[in-house]
1. Quick check on my filter: what residues within the range 103-144 are of a type outside the set (Phe, Trp, Tyr), surrounded by fewer than 20 Cβ atoms within 10 Å (Cβ to Cβ), closer than 13 Å to THR49 by Cα and without any contact (Cβ under 8 Å) to a residue 40 or more places away in the chain?
2. Conditions: (1) touching a Pro at 6+ places or on another chain (Cβ under 9 Å); (2) at positive phi. HIS135 meets all but one. Number of the miss?
3. Would you call LYS216 among the basic types (Lys, Arg), assigned to a loop (DSSP other than H, G, I, E, B) and on the phi < 0 side of the Ramachandran plot?
4. So, of the residues in the range 55-92 that are among the basic types (Lys, Arg) and modelled with pLDDT of 80 or more, which turns out to be surrounded by the most Cβ atoms within 10 Å (Cβ to Cβ)?
5. Only residues that are among the β-branched types (Val, Ile, Thr) and more than 15 Å from GLU196 (Cα to Cα): list them for the range 134-165, please.
6. Taking into account only those residues within the range 226-236 that are assigned to a loop (DSSP other than H, G, I, E, B) and at pLDDT 90 or above, which is farthest from ASP164 (Cα to Cα)?
7. So if I check each of ASP202, ASP214, ASP182, ASP164, which one is closer than 17 Å to ALA65 by Cβ and surrounded by fewer than 22 Cβ atoms within 10 Å (Cβ to Cβ)?
8. Since GLY260 meets every condition but one in (1) at pLDDT 90 or above; (2) open to solvent by less than 60 Å² (accessible area, probe 1.4 Å), which condition does it not meet?
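The values are calculated or read from the model by the stated rules, or taken from the named source; none is laboratory data. All values derive from a computational prediction rather than experimental measurement. A quick note on method: Cβ atoms are made from the backbone with ideal geometry, for glycine too, and the neighbour counts reach across all protein chains shown. Quick note on the areas: whole protein, heavy atoms, side chains included, nothing else; ligands and nucleic acids left out. Shrake-Rupley method; radii C 1.70, N 1.55, O 1.52, S 1.80 Å.
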Amino acid sequence: MRKRFTISLMVLAAVVTFSFWTLGQTGDRSRAAKAETSAPVDPHDLSGTWVYAERQGGGVRAHGAFSPDVPPMTAWAQARFDAAKPGYGPRAAPGGNDPIGKCDPNGLPRLLLQAAPTEFIQLPGRVVIFYEWSHMWRTIWTDMRQLPQDPDPTWYGYSVGKWDGDTLVVDTIGFNDKTWVDFFGHPHSDEMHFAERYRRVDHDTMQLTMSIDDPKAYTKPWASDTKIYKLNPKAEFRESMCVASEEESFTKRIRDRAAGKSSQ
């Protein structure tokens with residue numbers, strides 16, 4: 001009996017010791033995490049993997065609009081908007097003509113409104129941004145070069161950036177007119193000048209505001225609301241490819257049926 005009691009005391013002591021050690025380790029990790037997030041952050045360092053989470057004063061929007069305050073469109077843009085048949089949202093219609101439905105690139109700013117990881121990599125003279133969505137990447141030149149005078153039209157344009165205090169300001173021109181601004185079907189022309197302003201406000205938070213200056217499509221510049229990105233160092237990019245055959249199957253099985261219900 002005495003031997004059994006002694007063994008029980010030894011086991012109890014071991015359990016108590018392990019519990020205190022575990023609590024100590026957890027406390028150390030918690031303190032380390034708090035110290036990391038509260039440590040001063042270089043606002044000129046945007047490196048890391050970020051996820052677009054919410055807009056200022058609003059909830060999570062996986063396919064958020066550029067801004068609800070759409071400026072008046074020109075006749076050219078209005079005709080394009082009226083002809084657009086989105087696959088999602090309140091304007092969704094079966095047999096839609098959304099460009100991404102046939103795996104065309106999302107374009108800008110639409111690519112930036114996806115709730116998927118985005119990785120910023122800063123290199124001498126440039127910032128490279130990788131997007132999980134469609135495995136797209138962009139180069140923003142920060143070597144003091146100027147925007148080209150007559151760029152060849154492309155899906156994502158030509159981007160240059162510079163620091164304005166603690167904000168990275170990116171200007172992009174040279175777009176084609178084959179993409180939509182958002183999933184509602186708002187168009188842009190090949191004259192669009194697109195501007196982004198990235199500001200890291202603390203360790204885990206980055207703000208993005210954008211503007212469109214496109215006199216061929218809108219009667220005045222169009223500014224976005226504030227988009228909030230959250231740092232997510234544990235995010236891992238999945239294989240997110242747009243495959244035409246899979247996209248067509250998804251449209252027939254899901255998108256068109258959902259659009260049919262929403263249009264009734």
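1. VAL128
2. All conditions pass for HIS135, except number (1).
3. yes
4. ARG80
5. Hit for the range 134-165 is THR154, nothing else.
6. The qualifying residue farthest from ASP164 (Cα to Cα) is LYS234.
7. Going through ASP202, ASP214, ASP182, ASP164 in turn, the sole match is ASP182.
8. (1)
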